[in-house]
Each structure stands twice: as structure tokens, then as C-alpha cells.
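Taking it in order: structure first as C-alpha cells, then the write-up.
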Amino acid sequence: MNPAETNLAVFQFIELLSIISILCLAFILFLLSYIKSREKNRNLEEQNRKERLVTETITQVQENERSRISRDLHDTVTQDIRTALLYAHKLGESKNLSEDEKSLLQKIQKIEEENLKNIRNIIRNLTPSEIESASITRLLSELCENTSERSGIACKFYAEETELLSKITTEQKLHIFRIIQESINNAIKHAKASEVSVIVRKENDSTDAKSQGLLFMISDDGIGFSPIQEESQDIISQSTRLGIKGMKSRAALLGAKFEIKSDEETGTQVKLFLPVK
């Protein structure tokens, strides 16, 4: 091999080593980037897992406390009111009462009967007694009926018949019920609505046409609110903001899509889309 060929071979060898070095460096950089990305994803997943665990724990504690308060009200206040009504009824049978005393006693009975009715509504709102056995449509229908009766504001309910409704679990029913309950309460207490409607229907997932689910839509004709105004002008109360945060947390636990649209002209519309396998 002459010197020219030797120099060429050395040059090609050096060039090959350079290419191999560049490729090795690129592979190492890619590997480091991949490892960093994996680590970042793991950290994000761990953070999401912890946040979900915290949310689940807080939600469970809230539900347990609701159940405790509900039982306490049933075992104490309602029993005391029933006893008072029983005594009032027996007293009303007395012939020694004047007409004014009888009239006053009747007023007391009426007040206590109304108190008993209100306490029962509170207990029902705290913990739906038939959450395990009743269908979600029955629970929501009764919620709307009780709302109309209690507030005097029309609360209309419509549910499309679909087999997907039978696939909702007890845990899902409870979260859905709470989200809709909070939406209705916000409409009545803060939006000054004169009418609220709750609609349930089957719908395709907006991101996957092959995936179906249930859409729960709560609409009102109230004054609405703006997220920007909410922070700067305090259009809605702190309790409402916390309520919305709670609804979002429950939607996350459901793996559902949650959306709120609101303005002064069209009122507020809350959408909850639950994918159902």
C-alpha cells in the first residue's frame, strides 16, 4: 500500500470514528432525554396519584360527615319533634283549653310539622337514602321535585332512555348526584334563577366518536357569572367558588369531562360528560 492509499485509509478510519462518536453522543443524549422524560412522567403520575388520593380521602370524609349529621338529625331532632307533636296532639284533646289556647296550640303544631318536613328535606339532601338501590334518574327526578317544592322555583327533569344508565355504579351515582345538587343550589342561591332544568342523554365522546357516554346538563336562566369577574369583583360568593372546585374534583374522580358556561344573557350551563364502557 503506497503512502497516498495509507493516508486515505487513515483519514477514512478517523472519519468513521468521528461518525461513530457523533452517533454514540447522539444516542447518549437521546437516552438521557428519554430517561429525563420518563422520570418527569413518573413524577407527574405520582403527583396526580397523590392528588387523586387526597381528593378521594377528602370526599370520603365529607360523605362520612354528611352521613353522621344525617343520622344525628334523624335520631335526635326528628324524634324530639315527633314527641312534641304527640304531646301537642294529646293536649289538644283536653277540654280545659280556651279557644285562644287551642288556636295557639294549632299554630305550634303547624310550625312543628313544617320543621319536621324541613328536617327530612335536609336529611335527604345530606344523604340520599336510596343511593344504592335507586337509579340515577329516580334520584335526580326526586331531587328536582324536592327543589321545586322547597324553593318554589321550577326545576324540570328529563332523561333519555338508554342502556348506559344501568351501568352507572353506586360510587358514580353519588358523585353525579352531588355535582348536580351543587349546580342546582348555585342556580337558586346565587344566580337568581326562576327556572332550572336537568337533562340526561346519551352522547358520543367529542374526542372519540366510537366512545359513548352520558351527558348530564344543568341549565338555568339566572344572571350568570364571569370567571374573571368572580375573582376581581366577587360576583359570586366564596362558598360558590368552593362548590365549583368540589364539582371539578368529583368530575376528576369520575374520569368525566366538566364544563361551565355562563353569561348574563343566557344564564349558566353546567355539562358533565361521563364515558361509559
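Within the accessible area of the chain, what % is carbon and sulfur when the probe is 1.4 Å and the other protein chains stay in place? Please report the intermediate quantities before stating the final value.
Working: 10110 of 18300 Å².
Summing carbon and sulfur atoms, their accessible area is 55 percent of the total for the chain.
Residues with amide H under 5 Å of Val196's amide H, sequence separation 5 or more or different chain, H placed in the peptide plane at 1.01 Å from N; which?
Correct list: Ala154, Cys155, Lys156.
Largest first, please: the extent of the C-alpha atoms of segment 9-92 along each principal axis, to the nearest Å.
So the three principal-axis extents are 120, 11, 7 Å.
Which whole-Hz couplings ³J(HN,Hα) result when phi for each residue of segment 82-93 is put into the Karplus expression 6.51 cos²θ - 1.76 cosθ + 1.60, θ = phi - 60°, listed in order with x for Gly and Pro?
Couplings: 4, 5, 4, 5, 5, 5, 5, 5, 5, 5, x, 7 Hz.
Suppose the chain between Arg49 and Gln106 were pulled fully straight at 0.36 nm per residue; how much longer would it get relative to their current alpha carbon spacing? It would help to have the intermediate numbers written out before the result.
Working: separation 57, 0.36 × 57 = 20.52 nm, distance 5.82 nm.
Stretched out fully, the Arg49 to Gln106 stretch lengthens by 14.7 nm.
Lone cysteines in the chain, going by a 4.7 Å Cβ-Cβ cut-off?
Isolated Cys, the chain: Cys24.
Using every pair of alpha-carbon atoms in the chain, split the distances into 10 Å bins beginning at 0 and state the percent of pairs per bin, rounded to integers.
6, 19, 23, 17, 11, 8, 5, 4, 3, 2, 1, 1, 0, 0
So what is the calculated 222 nm ellipticity per residue for the chain, using -39500 (n - 2.57) for each DSSP H run with n of 4 or more, over all residues, to the nearest 500 deg cm²/dmol? Walk me through the intermediate numbers first.
Details: 7 runs with 172 residues, N = 277.
Here the helix-only value at 222 nm equals -22000 deg cm²/dmol.
What does the accessible area per residue of segment 35-120 come to in Å², with a 1.4 Å probe and no ligands, DNA or RNA counted? Intermediate values should be presented prior to the final figure.
Numbers: 6920 Å² over 86 residues.
Value for segment 35-120: 80 Å² per residue.
Report, in debye and to the nearest 20, how large the dipole of segment 58-188 comes out about its Cα centre when Lys and Arg carry +1 and Asp and Glu carry -1 on their Cβ. Each step should come with its number before you reach the end.
Values: 18 positive and 22 negative charges, 31 e Å.
Here segment 58-188 has a charge dipole of around 140 debye.
For segment 97-180, what is the Kirkwood hydrodynamic radius in Å, using each pair of distinct C-alpha atoms? Intermediate results must be reported in sequence, preceding the final value.
Working: mean 1/r = 0.0655 Å⁻¹.
One decimal place: 15.3 Å for the Kirkwood radius.
Rounded to the nearest 0.05, what FRET efficiency do Leu165 and Lys261 have when you use their Cβ-Cβ distance and R0 = 30 Å?
Working: r = 25 Å, r/R0 = 0.82.
E between Leu165 and Lys261, to the nearest 0.05, is 0.75.
Pairs to check: Lys156/Lys248; Lys173/Lys245; Lys189/Lys277; Lys210/Lys245; Lys173/Lys257. Give those whose C-alpha atoms are more than 27 Å from each other in this structure.
Working: Lys156/Lys248 24 Å; Lys173/Lys245 19 Å; Lys189/Lys277 36 Å; Lys210/Lys245 30 Å; Lys173/Lys257 16 Å.
Lys189/Lys277; Lys210/Lys245, as the Cα separations exceed 27 Å there.
Output wanted: per-residue J couplings in Hz (rounded whole) for segment 187-198, from phi through Karplus 6.51 cos²θ - 1.76 cosθ + 1.60, θ = phi - 60°, x for Gly and Pro.
Calculated HN-Hα couplings, in order: 4, 7, 7, 10, 8, 6, 6, 9, 8, 10, 10, 10 Hz.
Based on the mean of other beta carbon atoms within 10 Å per residue, what is the order of 247-255, 42-50, most packed first? Don't skip to the end; give the middle numbers.
Numbers: 247-255: 17.7, 42-50: 10.1.
Going from most to least packed, we get 247-255, 42-50.
If a/c stays under 1.5 just call it rounded; otherwise compare a/b with b/c (prolate if a/b is bigger, oblate if not). Do that for segment 116-224, with a ≥ b ≥ c from the square roots of the Cα gyration tensor eigenvalues.
Working: a/c = 2.32, a/b = 1.34, b/c = 1.73.
Cα axes put segment 116-224 in the oblate bin.
The values are calculated or read from the model by the stated rules, or taken from the named source; none is laboratory data. The structure presented is a predicted model; accordingly, all values stated were derived computationally and were not measured. With ideal geometry, Cβ positions are generated from the backbone for all residues, glycine too; neighbour counts draw on all protein chains shown. These area figures cover heavy atoms from the full protein model, side chains too; ligands, DNA and RNA do not enter into them. Shrake-Rupley method; radii C 1.70, N 1.55, O 1.52, S 1.80 Å.
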